[in-house]
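To start, the structure itself, in structure tokens.
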Amino acid sequence: MIKVGIVDFDTSHVVQFTKRLNHVDIEEDQWVDGAQVVAGFPGTSEITEQETVDEYTKQLADYGVELVGAPEDLIGQIDAVMIESQGGSVHLQRACPFIEAGLPTYVDKPFACSTRDAQQLVELAAANNVPIFSSSSLRYALEIQQLLADSATTGQVLGAMTYSPASLHARNPGLFHYGIHAVEPLYALMGPGCQEVWCVYEAGAEVVVGRWADERVGSLRGTREGGHSYGFMAWCENEVRGAQIDANYIYRELLKRIVQMFETGQSPVDPNETVEIVAFIEAAMKSAQLQGQATKLFA
């Protein structure tokens, strides 16, 4: 059984992931085998109220998770780590000690809030021969995975549109905070290779259009007013398929991939694609500031 440590308790993911991995206080069809959360560092937060962090801390303690006084105290007690800080700007600092200690590292979304930090994380992991993985759980929605599994029938995805809520927070600017739940599914459908983006931004919503190197076009809509949901439309060689996403099993499906990475040492997503996702969001912000002008991802 892989012993997992969690760093920072300022997201509900720490409770939801522990329930599924430790098989506690949740239905059996949500269980994920192969790893257990054994210890964690609660930390503090610039996004979540301390009262909420304390509540999550109590829940994990009630589930038998050992609490430590500093992130580095986990090293020697665990086989792998999950960095769960909501703020992407602290992920490089948080992950470094564990990568340098040779521990497989999952970094919750957003992977980073700058392309520079994202590249540093990937380079550090490569230099230490450590697997690193980051993803929104929406990438592994059953509806998206079914479409990808049906590729022999549908043919290549020629274009896609995704949508999700896109609430904002200064610590995770632009789509980094919540709109990443539309970016990750877009990349799941389109794959990497976006060259430039255009962003139309208003208080209630933003729309980002990307042009891929092979001339395919993908887009997303992040919503901040009105009704909210998650979903996609994909234009394939042989059919058009769309779905509103059922979020009931997205944590389970993500955790399956996390545990697989811990077991095999292979990330289910190429880390270079994860860097590109960060660059996509940065470019979208720049385009919005430039009133929708085309902005290259790696200018």
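Yes/no per residue for (1) under 29 Å from Ile99 (Cα atoms); (2) more than 15 Å from the chain's Cα centre (by Cα); (3) of a type outside the set (Val, Ile, Thr); (4) surrounded by fewer than 16 Cβ atoms within 10 Å (Cβ to Cβ):
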{"residue": "Ser137", "(1), (2), (3), (4)": "yes, no, yes, no"}
{"residue": "Tyr140", "(1), (2), (3), (4)": "yes, no, yes, no"}
{"residue": "Leu158", "(1), (2), (3), (4)": "no, yes, yes, no"}
{"residue": "Ser164", "(1), (2), (3), (4)": "no, no, yes, no"}
{"residue": "Ala203", "(1), (2), (3), (4)": "no, yes, yes, yes"}
Could you identify the single residue in Glu46, Glu51, Glu28 that is out of contact with any His (no Cβ under 8 Å at 6 or more places or on another chain), of a type outside the set (Gly, Ala, Ser), in the same structural domain as Gln86 (by TED's automatic domain parsing) and at pLDDT below 95? Glu46
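Here is a yes/no grid of residues against (1) loosely packed, with under 14 Cβ neighbours inside 10 Å; (2) part of a helix (DSSP H, G or I); (3) not assigned by TED's automatic domain parsing to the domain that holds Ser151:
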| residue | (1), (2), (3) |
| --- | --- |
| Ala243 | no, no, no |
| Ile258 | no, yes, yes |
| Met261 | no, yes, yes |
| Gln266 | yes, no, yes |
Segment 126-142, residues that are in a helix (DSSP H, G or I) and either β-branched (Val, Ile, Thr) or touching a Pro at 6+ places or on another chain (Cβ under 7 Å) (or both): Leu138, Arg139
Name the residues in segment 18-34 that are farther than 12 Å from Tyr56 by Cα, assigned to a helix (DSSP H, G or I) and touching a strand residue (DSSP E or B) at 6+ places or on another chain (Cβ under 7 Å), would you? Leu21, Asn22
Kindly indicate whether Pro185 is of a type outside the set (S, T, N, Q) and under 24 Å from Arg241 (Cα atoms). yes
Which residue pairs have Cβ atoms under 7 Å apart, sit 6 or more places apart or on different chains, and have a first residue in segment 285-299 that is more than 21 Å from Asn272 (Cα to Cα) and surrounded by 14 or more Cβ atoms within 10 Å (Cβ to Cβ) and a second that is of a type in the set (Phe, Trp, Tyr) and at pLDDT 95 or above? Ser287/Trp198; Ala288/Tyr201; Gly292/Trp198; Ala294/Trp198
Count - residues of segment 166-188 that are assigned to a helix (DSSP H, G or I) and touching a Cys at 6+ places or on another chain (Cβ under 7 Å): 1
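A quick yes/no check of all residues on (1) buried (at least 22 other Cβ atoms within 10 Å of the Cβ); (2) more than 19 Å from Ala170 (Cα to Cα):
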position	(1), (2)
Glu46	no, no
Tyr56	yes, yes
Gly64	no, yes
Leu74	yes, yes
Ala80	no, yes
Of (1) more than 22 Å from Gln86 (Cβ to Cβ); (2) surrounded by 15 or more Cβ atoms within 10 Å (Cβ to Cβ); (3) of a type in the set (Asp, Glu), Glu239 fails just (2)
What tally of residues in segment 41-74 results from selecting those that are more than 20 Å from Leu21 (Cα to Cα) and assigned to a loop (DSSP other than H, G, I, E, B)? 9
Does Ala101 satisfy the criteria of being at pLDDT 95 or above and buried (at least 20 other Cβ atoms within 10 Å of the Cβ)? no
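The values are calculated or read from the model by the stated rules, or taken from the named source; none is laboratory data. Since the structure is predicted, the reported quantities are computational estimates derived from the model, not experimental observations. Virtual Cβ from ideal backbone geometry, glycine too; neighbours counted across all protein chains shown.
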